[in-house]
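Each remark here refers to the structure printed beneath this line.
Each value in this text was obtained by applying a stated rule to the coordinates, not by laboratory testing. In this text, all values refer to a predicted model and were calculated from it rather than measured experimentally.
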Amino acid sequence: MRFPILALAVVLATACAPAKPGRKIPAAVAPVTHSPSSPTAPVAKATEAASAPVVLPPVENTSPANGPRVTSRDISGITFEGVAFDSRTHRLRVVDQAGSPGSRFTDSASAGRSVGGIAAVNAGFFTPEGAPLGLLVSSGKVSGSWNGSSLGSGVWYENTSGGAGISRREKLGRSGAAAMRESLQAGPMLVENGRAVGGLDRAKASVRMMILWDGGSRWWIGRGSTSTLAELSTALSSGGPAGWPVRHALNLDGGRSSDLWISEAVSGGPMVRRAPWNRPVRNFLVLVGK
């Protein structure tokens, strides 16, 4: 019986021995991700929780407001063209076409001029039937329906007091968005609290339209040259096209819908970026004076 007793002792000694140095078991870390989905598919709660970064304090811009100006800048191989403005002197309006895309306005220039605007971009997504793909509020009038897909993950809004912001869908909620004076549901979110949003598409490249915010009173609307959503997100998180850091960025309808108009009233204008093969769109964001 000496051999079994000796073998048992060896086994017990081995089991109690400390692990050899150099063997590290990596801890499981949940990445900050964004899961693309179909326009009608709900976003999983686990993904939403993983996507929520640390909230930064509001930005207070104490310097005098600058007038709207055209900016053009290359960041990480993407050319950004658009207009920078300060919400203390200017604001955005949602201009919608209740009939169908192109029923009132053929492009962003005609939509912008119709309300005395100095710049405009195409805005939210729309269904094949021409209805808004997401909730839309124009001068207090609500249309569309709450969109649970990646194309509705963010909301730009202006409240009844004139304060504007960009919020993640889950934070603002449908009732909150519907109570705004102006609001537009779109997506995906590109930058949130200064960080690139992970999990965005890396395969499909297209011309992009977007709205950017510094978290205070500085804003930018415009286009980016052909890129994937992941490339766009990374570029914007590394530097802003207007020279200030981007706190939040929201993707708008791009591709063949891309349409940027800036009038001669804007410093550095005029500028028009609209391809001949563009399709009519449902709604626009128009820059006007306060």
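Taken over the stretch 47-142, the alpha-carbon convex hull comes to 210 cubic angstrom per residue. According to the square roots a ≥ b ≥ c of the eigenvalues of the Cα gyration tensor, what is the shape class of the stretch 171-290, taking rounded for a/c under 1.5, prolate for a/b larger than b/c otherwise, and oblate for the remainder? In terms of gyration-tensor shape, rounded. Seen through its C-alpha gyration tensor, with square-root eigenvalues sorted a ≥ b ≥ c, the stretch 109-198 comes out rounded because a/c lies under 1.5.
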